[in-house]
Amino acid sequence: MYLYWMGVNWVPILTAALINVVLGMIWYSKFAFGDKWSALVKKKRTDKPDPTDFILAFAAAVAMSVILQGVMTATAGGKAINGALIASMLWLGIMVPVFMANYLWENKSLNLIVINGAYWLVSIAIQGALLAAWR
């Protein structure tokens, strides 16, 4: 399926963004790391999330997917494994230093760094694979 606008196929981009948000909902649920994460950030599991947060998370995921698609188009050669590896290198070289600096200066728990960092690694690797293979 194709949905071109401004020379970009938006279907894989929107799919990758949706995967990012759905993975986050699962990752931070009580079935995965939600209870531990909630304790680390001092949130109650009974707190209802603001719907605006989901809209902003999706918008941010779309922005990330647009840029990631450009990188995959230039470097991955249409192969999912290449996309996953390149995205993982971007995670290691760009995302990890940024959030490590923030977490260290904010005296955040190492467990919180691991939970959030692992989420972003899994998410960006899946998105990279999808965007590299689906043009």
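Every number here is computed from the coordinates shown, using simple stated rules; none is lab data. What you see is a predicted model, and the numbers here were worked out from it, not measured in a lab. Don't worry about glycine lacking a Cβ; one is built from the backbone with ideal geometry, like all the others, and counts go over all protein chains shown.
Approximating the spin labels as points 7 Å out from Cα along Cα→Cβ, the V96-to-A118 distance works out to 1.5 nm. Based on the reciprocal of the average 1/r between different C-alpha atoms, the Kirkwood radius for the chain equals 15.8 Å.
Its relative contact order, with pairs defined as Cα atoms under 8 Å and 6+ residues apart, puts the chain at 36 percent.
Within the chain, the whole DSSP H helices whose Cα atoms reach 24 Å or more along their own axis and whose mean Kyte-Doolittle score is at least 1.0 are 10-27, 51-75, 110-133. Charged neighbours of S109, selected by a Cβ distance under 15 Å, balance to +2 (K, R count +1; D, E count -1). Per-residue Cβ neighbour counts within 10 Å put K44, K79 in the sequence K44, K79, beginning with the fewest. Comparing mean-square fluctuations of N102, N82, N116 from a GNM of the chain with C-alpha springs under 10 Å, the top value falls on N102.
In plain terms, the residue of S123, S38 with the fewest other Cβ atoms within 10 Å comes first and the most crowded comes last, giving S38, S123.
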